[in-house]
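To start, the structure under review is shown below, and the notes come after it.
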Amino acid sequence: VRDGIELKYKLHTSKKKGRKQILVCHHGYQSSSICWTSVLQHFFLNTQDYNVLTFDCRGAGESSHDSTAEQMTFSTLAADVIDLVDQIFGQNLTFTFIGLSMGTMVGLTICNATFANRIEKLILIANKYTPPLFVNPSLIS
């Protein structure tokens, strides 16, 4: 992604035929993509209707820890998600975003940024923030 940062990711693809939805999972602060193990069992192993992308955001888990404080903003983290999705699935595809804790703010930032048209569904888990009024309420589960 931008700034030369390398993000460790894992793509869980289904062998089921037909178009599958894209599900992007963003972990919380001081966590990593390993927190999505049970989600994967439900969405991927049970239904196989999804291509699930889990990753460690910059500064977390096995991703680059070289970011400066100025680079660790929700806007940068949101742009990282879009860059990663574009690289893996192709540009301008829509996806469902699940954010846990800090990841919820990244999802809300995507919805507020120039990327708002990319989010098909937004799922917020353990969100202590009130969604801003400018986020389309139909996106939030």
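Below are the figures for this structure:
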| item | result |
| --- | --- |
| Residue check, THR104 at pLDDT below 95 and open to solvent by 50 Å² or more (accessible area, probe 1.4 Å) | no |
| Matching residues, region 61-99, being open to solvent by 10 Å² or more (accessible area, probe 1.4 Å) and over 22 Å from THR114 (Cα atoms) | GLY61, GLU62, SER64, HIS65, ASP66, SER67, THR68, ALA69 |
| Every residue from region 2-30 that is in a loop (DSSP other than H, G, I, E, B), small (Gly, Ala, Ser) and out of contact with any helix residue (DSSP H, G or I) (no Cβ under 8 Å at 6 or more places or on another chain) | GLY18 |
| Only listed residue being at pLDDT below 90 and closer than 26 Å to LYS20 by Cα, chosen from SER67, SER141 | SER141 |
| From the options LYS20, LYS15, residue that is loosely packed, with under 14 Cβ neighbours inside 10 Å and either in contact (Cβ under 8 Å) with a residue 12 or more places away in the chain or more than 17 Å from THR96 (Cα to Cα) (or both) | LYS15 |
| Answer from THR76, THR96, THR54, THR104 - the residue that is closer than 19 Å to ILE123 by Cβ, not aliphatic (A, V, I, L, M) and not in a strand (DSSP E or B) | THR104 |
| Conditions (1) without any contact (Cβ under 8 Å) to a residue 12 or more places away in the chain; (2) open to solvent by 50 Å² or more (accessible area, probe 1.4 Å): number failed by LYS8 | (1) |
| Filtered residues of region 23-37 (kept if open to solvent by 60 Å² or more (accessible area, probe 1.4 Å) and of a type in the set (A, V, I, L, M)) | ILE34 |
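The values are calculated or read from the model by the stated rules, or taken from the named source; none is laboratory data. On a predicted model such as this, the values are computed, not experimentally measured, just so you know. With ideal geometry, Cβ positions are generated from the backbone for all residues, glycine too; neighbour counts draw on all protein chains shown. Side chains included, ligands, DNA and RNA excluded: accessible areas come from the protein's heavy atoms. Shrake-Rupley method; radii C 1.70, N 1.55, O 1.52, S 1.80 Å.
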